[in-house]
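**Student:** Shown below is the structure under consideration.
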Amino acid sequence: MAIEYQKGHGFLHRLDARTKLLLFVGMTILAIVVVDPILMGLLFTTLYILGRRSVNPKLLNSNLRVLIVVFLTFAIFQIIFFETEDSHFLFYLIPFRDWIPVTVEGLIRGLAVFFRFFSVVLAVHLMLYTTPPVDLALTITKRDQSPRRDTEIALTLILGFILFVIAHLVRAEDIRALPFDGWLRTLVIFFGALLAAYLFQKLAGHGLPPEMGMALTLGFATVGLLSKQTEIIMDAQKARGYDVKPRNLIRRLQVFAALLLPIFLATLERSQDISVAILSRGFDYNIGARTYRRQLKFQTQDYMVLAILVLLLFGSLYLNYLQLGNLMEQFVLNLLNRQ
Amino acid sequence: MENDIEFRGVSFRYAGAQKDALQAINLTIQPGEIVLVTGPAGSGKTTFCSCINGLVPHYHEGELLGQVIVRSYDTRRARIGGLASLVGMVFQDPDSQLVTSSVVDEVAFGPENLGVPRTEINRRVTEALSATRLTGFEEREPHNLSGGEQQACAIAATYAMQPDIYVMDEPLANLDPEGRLQVLQVLIDVAKLRQKTLIIVEHSLEEVLPFVDRVIVMEAGRIVRDGTLDEVLAGGDLPRVFTRPAIVRLADTFGLDLKTFSAEKFYADLTARKPLGMIEAAAAPAPVMGTSSTALIEFRNVHFAYKGQPALRGVNLTIYEGELVAILGRNGSGKTTLARHIIGLLHPAQGSVIVGGRDVARTPTHELTQQIGFCFQNPNHQIVSFKVRDEMTFGLKAHNIDPGEFEGRIQRALELVDLLDVIEAEIFDLGKGQKQRLALASVLTLNPQILVIDEPTTGQDPQMTREIFDIIKHLNDLGTTVLMITHRVDYAASYAQRAIVMNRGEVAFDGPVLDLVADVDMMRANALELPDVTKLVLQLRKHGIPPWTIQYEQLEHYLRLLMENSHGD
C-alpha cells in the first residue's frame, strides 16, 4: 500500500517538515543506540500515540499490521541465532533433537530488535503521512542565494558541541589513548568536533540544486495521477475481453505485457505534457533566482521536539556509557543468578 | 503602435514529418485584439500557437523558416522561459497542464519561476483566483477538480504571471456545456480586465464568435481567410473547413444582420422586417422506438456508490435489441458509472444488471465482452500494440477466434470505420480521429451484439465528429444495439432514437430524443446545450413550426414557407 500524504491538522501536521525529517533521522539513530527492549518499547509507544492523534488510526494500523509479521520474523531470527558463550540457555525450539537453543539474551534482544525496526518504520510512516511531499522536497532543496553567516556559525557551534559530547561518551577509551594530556586532549577533540561539524553543516546546508528539487516536487504530484491512469488502462483492457487474472501463468505474463505498453505510453505522454507545461510557465526563466511561496518556519513546538530528541539521544548514550544500556537484560540475569 | 505579434513568411516542418505544418504565414496582431483561430484538425493551429511562445523551435524540433517576432523579440533568439513572461499559454487538456498538488501551488508556480517576491506572489494568487472564480479552492488538488474548474485553474496560473499576450489552444474542447460557459466567461473577463491580446483556437464557433474582433481560418498549414468578424462572416462558408453557426447561415439566407448569434435577435430582426403569419403544423413524426420487444439490457433498481458518494440511485432501465440510445447529462451525473455496470467493471451495491439474460455480477468481464464491445473515451488507454494489424488481431487472439477468420474480420471492421488504407501503418503515425476509429474497429472484430461508447468525439473537429456518428449509425442499421455517452445533443438528436438523461445518479429522462429536445426545462435543468436550430424553433413555435424540428434544412424549409405565407397576407 502506498503511503500517501493525509490532510489534517494534528500535532504532527503542524510541525515543520525539517523537524519531521530530523525526527526520522533521530529515531533511526536512537534505534541503533538503544539496546534495551523496554526503553525501545516506550519510545515506540510514545511515537505511536503521537501518530494516532494526527493520522487516522485505522489507516495507520492497517499499514503497520502487515509489517508485524515481517518484523516478528526478524525478531525470531535474532532469538534463534543469537548465541554467545555465556548466554543463559532456556529451552530447545525443537525439543527431542536438541535443535536450535533459545537463550534469555536472545529473547530480550529479539524483543528489542522488533521494537527497533518498528520505531524506524513508524517514524517514516508518520513523516510521509503528515508532510506534504512538496514540503519534504523543499527541505532538501537549496533555496536562498546566500545563507546567513550567524545562523551558519551557530549551527556549527551546536553541532560541534554535540559531536564533542558524543565523542566523550562513546569513544572514551580511544580518547584516553591519544598522545596528549589533560586540557590539550580536550582542545584537540573540541577542534576536531568543530571541524567535522563545519563540514557536515556545509554539505547538508548546500542541498539539492533547484532543478532536482522541483523535479522531486513535480514527481510527487504525478504519482497519484499515474496510478489513476493505470487503473483506467486496466479497466480498458478488461473491457476488451482480457481476463486480467487468468490462472495460466504464461497467459498472465502475456496479459501483463499487454498492460505495459499503454502504461508506458501514458507515462511518456505525461512527462512530455509536464515539460511543455512547465516550460510554458517560465520554468527556465532563471532557475537560480527562483522564489518560493511556501515558507518553512520553526515554531516553539519544533524546538521542543528537537530538544527532547537531543536529550533522549544524550540520555541513552550516557546510559550506555555507564554500562546501564540494557537494564532489562541485567535485571533478568540478576534474578536468574540469585536462584 | 508596435505590433504584439508578427509572423514574417513563417514555415515550419516537424523533424521527421513529410509535410510542412505551417506554410508561409504572414500576419500581424495588434495589442488588445481578440482573435479566433479556427480550422479542421491538423490544419496547423497548435503549431501556430507554439510558434508564439517559443515551443517551436526550442522544444519541438524541426525546420523553421522566416521570423516570428513577439513584442520586438525574435523567438528564435529568445528562450522559452523569457517568452513565458510575455506569452501566457493555456492548452486543450486541463489535466495534462496542471503539475503541482494544490491549486495555490499551481497558481504560484509561474510567478515563482519568474522570481517574484513572496508577498507579491501571495497577492497575485489571491487576485488570479478571484478573477477566475476559484476563491475557496486554494487547498484542493487540481486533479480532483471538475474539467471546468481545472481549466479555470490553468487560466489562473497563466493570469498570475501577468503576460501581455494570452494564447488559448482549444480551452473548451474537453469540457461539458456548463464548464464551457464558465471558462469562456473567465477568458473574456481576463482579456478585457487587463486589456490584453487574446488568441483563442476553437472549433465551436457558436459560443466564441460573439466575443471576438477578428477571425483567422486555417487549412493545411495556410491561412485561408483572415479578417474582421464582419468580413469573415460575409465571406460565406468553406466546405469541410469553415461552417458558420446555423443562426448566422439562416440570417444570411434571409438577408438579416450577419452578426446574429442569438435566436432572440434573429426572431426580433425577422419580425421587425415583416409580421409573420402561420404555417400548417406538420404531423408529428411516428415514434421510431420499440422496434423490437426483446430486452437486451436491464437495470433493476441499481444502486452504487464510490467511497460513500452515491453515484447511482435506484436506476431502472430496459434497453431493447437494435436501439441506438444516447446517454446525456452533466459531468459527474453517473453516465460513465452506468456504462461500466453493463460490462461488469463495476458491480451494483444493490439491485442487479442483466445483460442478454446473464447477471453481470456473476459473469466475469471477459465473458461479457464476447457480447459487448466497450470503447473508452481516450483511445490511448486501450491500444496495446505498435501496429494497426497487431492491434486488430489482439482481441481475436484473446477470445480464441479461429485464425482462419482473422483476415476477414479485420478487413470488415476496418472497412466499417474507413481505415482500410492504414492497415499496415504504425499506430504512432495515426491522427487523433484515426486512433479513435481504430479503437472502435478493434472492438468490432468480435462482432459485438451491443456496443457501449464513452464520449467518442471529445476534442474532435466537426468533420471528425460527423464521421464517427455516421459510423455508429451505420453499425446500428446493421443490427448492433448501441449505447453512446455524449455531450453533443445536436448530433444525438439527429442520429439516436432514444435519449436517457442522468442527473445525480438518477434517470431524469428516458424517451424519444425529439421529446427531450422539445422539453426546454428538462434541457436547462441538466445543463444540456440546446442546438442552435432548436433555439430558433422555440422562438418560432407560435408560428406553427413543429417543436421536433432538428435538421437545419428542415428549419430553412419551414422558414421559407413562413416568409411566403406572410408575403401573401
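**Student:** Which condition number does A:K142 fail, the rest of (1) surrounded by 15 or more Cβ atoms within 10 Å (Cβ to Cβ); (2) closer than 30 Å to A:F77 by Cβ being met?
**Tutor:** In the conditions (1) surrounded by 15 or more Cβ atoms within 10 Å (Cβ to Cβ); (2) closer than 30 Å to A:F77 by Cβ, A:K142 misses (2) alone.
**Student:** Related question: Return the residues of the range A:222-237 that are more than 9 Å from every other protein chain (Cβ to nearest Cβ) and within 23 Å of B:V452 (Cα to Cα); say none if nothing qualifies.
**Tutor:** If the condition is that a residue be more than 9 Å from every other protein chain (Cβ to nearest Cβ) and within 23 Å of B:V452 (Cα to Cα), then A:T230, A:E231, A:M234 are the ones that fit.
**Student:** Would you check if B:K397 is surrounded by fewer than 21 Cβ atoms within 10 Å (Cβ to Cβ), within 22 Å of the chain's Cα centre (by Cα) and in a helix (DSSP H, G or I)?
**Tutor:** no
**Student:** Just the residues that are within 7 Å of another protein chain (Cβ to nearest Cβ), outside any loop (DSSP other than H, G, I, E, B) and under 11 Å from B:V384 (Cα atoms), please, taken from the range A:238-259.
**Tutor:** A:A258
**Student:** May I ask you to list the residues in the range B:355-385 that are within 12 Å of chain A (Cβ to nearest Cβ) and either at positive phi or in a helix (DSSP H, G or I) (or both)?
**Tutor:** B:T365, B:H366, B:E367, B:L368, B:P379, B:N380, B:H381
**Student:** So A:H13 clears everything in (1) in contact with a helix residue (DSSP H, G or I) (Cβ under 9 Å, 6 or more places away or on another chain); (2) free of Cβ contacts under 8 Å to residues at least 24 places away in the same chain except one condition, right? Which one?
**Tutor:** Result: A:H13 passes all but (2).
**Student:** Let me ask something else about it. Being over 33 Å from the mean Cα position of the chain (by Cα) and closer than 30 Å to B:T363 by Cα narrows it down to one residue among A:D243, A:D284; which is it?
**Tutor:** A:D243
**Student:** Starting from residues that are touching a Phe, Trp or Tyr at 6+ places or on another chain (Cβ under 8 Å) and more than 19 Å from A:Q299 (Cβ to Cβ), keep the ones in the range A:5-33 and report whichever is nearest to the other protein chains (Cβ to nearest Cβ).
**Tutor:** A:Y5
**Student:** I'd like the residue in the range B:326-354 that is within 24 Å of B:A527 (Cβ to Cβ) and part of a strand (DSSP E or B) and, out of all such residues, is nearest to the other protein chains (Cβ to nearest Cβ).
**Tutor:** Here the residue is B:I327.
**Student:** Sticking with this structure for a sec: Please work out if B:R194 is modelled with pLDDT under 90, farther than 22 Å from B:G236 by Cβ and surrounded by fewer than 23 Cβ atoms within 10 Å (Cβ to Cβ).
**Tutor:** yes
**Student:** Take the range B:459-504 and flag every residue that is touching a Leu at 6+ places or on another chain (Cβ under 6 Å) and assigned to a helix (DSSP H, G or I).
**Tutor:** Listed by number, the residues that qualify are B:N476, B:V489.
**Student:** I'd like to verify a number: residues in the range B:4-19 that are part of a loop (DSSP other than H, G, I, E, B) and loosely packed, with under 15 Cβ neighbours inside 10 Å, how many?
**Tutor:** Adding up the residues that qualify gives 5.
**Student:** Which of the residues spanning the range A:160-177 are assigned to a helix (DSSP H, G or I) and either in contact (Cβ under 8 Å) with a residue 60 or more places away in the chain or out of contact with any helix residue (DSSP H, G or I) (no Cβ under 7 Å at 6 or more places or on another chain) (or both)?
**Tutor:** Selection gives A:F161, A:I162, A:V165, A:I166, A:L169, A:V170, A:A172, A:E173, A:D174, A:R176.
**Student:** From (1) surrounded by 14 or more Cβ atoms within 10 Å (Cβ to Cβ); (2) farther than 20 Å from B:P379 by Cα; (3) at pLDDT 85 or above; (4) not aromatic (F, W, Y), pick out the condition that doesn't hold for A:A307.
**Tutor:** Every listed condition holds for A:A307 apart from (1).
**Student:** Still on this structure: In the range B:506-569, which helices (runs of 4 or more DSSP H) lie fully inside it and hold 1 or more residues that are within 17 Å of B:R273 (Cβ to Cβ) and at pLDDT 85 or above?
**Tutor:** B:532-540, B:552-568
**Student:** Additional query: Please go through the range B:67-82 and give me each residue that is touching a Gly at 6+ places or on another chain (Cβ under 7 Å) and not in a loop (DSSP other than H, G, I, E, B), ordered by number.
**Tutor:** If the condition is that a residue be touching a Gly at 6+ places or on another chain (Cβ under 7 Å) and not in a loop (DSSP other than H, G, I, E, B), then B:I80, B:G81 are the ones that fit.
**Student:** Evaluate the range A:204-221: report whether one residue or more is surrounded by fewer than 20 Cβ atoms within 10 Å (Cβ to Cβ), hydrophobic (A, V, I, L, M, F, W, C) and not in a helix (DSSP H, G or I).
**Tutor:** Looking through the range A:204-221, at least one residue is surrounded by fewer than 20 Cβ atoms within 10 Å (Cβ to Cβ), hydrophobic (A, V, I, L, M, F, W, C) and not in a helix (DSSP H, G or I).
**Student:** Does B:L181 satisfy the criteria of being surrounded by fewer than 23 Cβ atoms within 10 Å (Cβ to Cβ), more than 23 Å from the chain's Cα centre (by Cα) and part of a helix (DSSP H, G or I)?
**Tutor:** Spelling it out, it is not the case that B:L181 is surrounded by fewer than 23 Cβ atoms within 10 Å (Cβ to Cβ), more than 23 Å from the chain's Cα centre (by Cα) and part of a helix (DSSP H, G or I).
Residues are listed down the side, and each one gets a yes or a no for (1) part of a helix (DSSP H, G or I); (2) in contact with a strand residue (DSSP E or B) (Cβ under 6 Å, 6 or more places away or on another chain); (3) buried (at least 18 other Cβ atoms within 10 Å of the Cβ); (4) within 14 Å of chain B (Cβ to nearest Cβ):
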residue	(1), (2), (3), (4)
A:E269	yes, no, no, yes
A:L279	yes, no, yes, yes
A:G288	yes, no, no, yes
A:K297	no, no, no, yes
A:D302	yes, no, yes, no
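**Student:** Pairs please, first residue from the range B:144-168 and in the same structural domain as B:L187 (by TED's automatic domain parsing), second anywhere and acidic (D, E), Cβ atoms under 7 Å, 6+ apart in sequence or on different chains.
**Tutor:** As it stands, the answer is B:G147/B:D176; B:G148/B:E178; B:Q150/B:D95; B:C153/B:E106; B:A157/B:E106; B:D164/B:D4; B:I165/B:D4, since those pairs meet every condition given.
**Student:** When only residues in the range B:460-486 that are of a type in the set (S, T, N, Q) and within 13 Å of the chain's Cα centre (by Cα) count, which is surrounded by the fewest Cβ atoms within 10 Å (Cβ to Cβ)?
**Tutor:** If we take residues in the range B:460-486 being of a type in the set (S, T, N, Q) and within 13 Å of the chain's Cα centre (by Cα), then B:Q463 is surrounded by the fewest Cβ atoms within 10 Å (Cβ to Cβ).
**Student:** Right, next: Only one of B:L64, B:L27, B:L36 is in contact with a helix residue (DSSP H, G or I) (Cβ under 8 Å, 6 or more places away or on another chain), touching a residue at least 60 places away in the same chain (Cβ under 8 Å) and either part of a strand (DSSP E or B) or more than 8 Å from every other protein chain (Cβ to nearest Cβ) (or both). Can you tell me which?
**Tutor:** B:L36
**Student:** Given the conditions (1) within 12 Å of another protein chain (Cβ to nearest Cβ); (2) in contact (Cβ under 8 Å) with a residue 24 or more places away in the chain; (3) crowded, with 21+ Cβ neighbours inside 10 Å; (4) within 25 Å of B:D461 (Cβ to Cβ), and given that B:S43 satisfies all but one, which numbered condition is not satisfied?
**Tutor:** Result: B:S43 passes all but (1).
The values are calculated or read from the model by the stated rules, or taken from the named source; none is laboratory data. Every value quoted in this text rests on a predicted model; they were computed, and no experiment measured them. All Cβ positions, even for glycine, are placed from backbone atoms using ideal geometry, and neighbour counts span all protein chains on display.
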